[in-house]
Amino acid sequence: MRHLKIKFVKIFFLFTLQVMAYSPSCFGFLEEDYIRAPIGSVNGAPHYVTFPPGSSIEERHERISRGRESLGLSSQIPLSEQENILQLSWQKTNANAQKAFMPGQMLRILVTTGQQIQRGSPLCTIETMKMEWTIRSPIEGEVTLHCQEGETIAFNDRLVSILPTFARWEDINQDLMVQHRNLLLSFFPWAPVPIVEAPEINNENDAPQELGGIPLLVPDPPPSFLIFTTLSCFRCAVQSFSNTRGRECYK
């Protein structure tokens with residue numbers, strides 16, 4: 001019984017680490033920040049793409065790929081460019097996020113993503129407590145939507161983010177980026193790692209470490225696989241714990 005409890009605690013701890021691993025705060029910026037990430041260099045000049053607040057890993061990969069294609073580069077970053085990409089600086093700026101002050105329903109959205117708005121411009125209309133409320137922009141800037149018409153919203157849900165027109169970009173602490181280097185790799189769409197098949201061997205002690213001078217490379221599992229595996233282990237532990245408790249109660 002005690003062994004199951006210890007196993008349960010360990011799996012829960014690992015699951016928590018997986019969730020924290022892909023939290024933007026690990027890299028020195030918050031969910032409310034707009035991020036400018038490097039996508040490569042052309043003629044020695046670095047180029048960037050901007051991530052709106054709350055962007056998922058998949059959305060970041062798509063933006064980086066489109067940005068590289070617009071520069072005439074490959075959509076996926078070759079491993080030979082890894083060091084150059086990770087050494088380029090990142091930047092951030094605060095966004096003004098308009099959030100739901102009460103639970104309700106989104107009735108109308110009056111702006112579109114990428115639209116430039118003025119201070120006082122209507123953004124959206126929500127219905128709460130049988131009353132309609134129009135939310136207006138407190139600043140001038142560029143809009144990014146985080147909801148759809150007819151969607152049910154909860155308290156403090158992000159509705160609209162506004163990037164100030166005269167945004168002041170600040171460099172992110174490069175030391176933080178180096179500390180979380182392995183996590184940083186998940187932000188970029190890297191080209192697949194070539195896998196070299198090893199020849200059949202009879203004695204495990206004679207297994208070659210290299211084939212033709214090329215190290216045998218095996219790609220790391222994707223983040224989704226790691227999270228799925230962690231959740232599966234967590235579920236098995238809970239079921240084992242519940243079954244054990246049930247047999248003890250039956251006795």
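What the table shows:
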quantity: Taking I85, I64 and counting other C-beta atoms within 10 Å, the order from fewest to most; calculated: I85, I64
quantity: Förster-model FRET efficiency, 22 Å R0, D157 and E62, C-beta, rounded to 0.05; calculated: 0.40
quantity: Taking D157, D33, D175 and counting other C-beta atoms within 10 Å, the order from fewest to most; calculated: D175, D157, D33
quantity: Globularity ratio of the stretch 95-146, using Cα Rg and 2.2 N^0.38 Å; calculated: 1.11
quantity: Ranked list, fewest to most other Cβ atoms within 10 Å of each Cβ, for L184, L71; calculated: L71, L184
quantity: Principal axis box of the stretch 104-186, alpha-carbon based, largest edge first, Å; calculated: 51, 27, 17
quantity: Relative packing of 38-48, 117-127, which averages over residues the other C-beta atoms within 10 Å, highest first; calculated: 117-127, 38-48
quantity: Convex hull volume per residue for the stretch 39-117, taking Cα atoms only, in Å³; calculated: 152 Å³
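Each reported figure results from applying straightforward, stated rules to the coordinates on display, with no laboratory input. Predicted, not measured: the structure shown is a model, and the values here were computed from it. With ideal geometry, Cβ positions are generated from the backbone for all residues, glycine too; neighbour counts draw on all protein chains shown.
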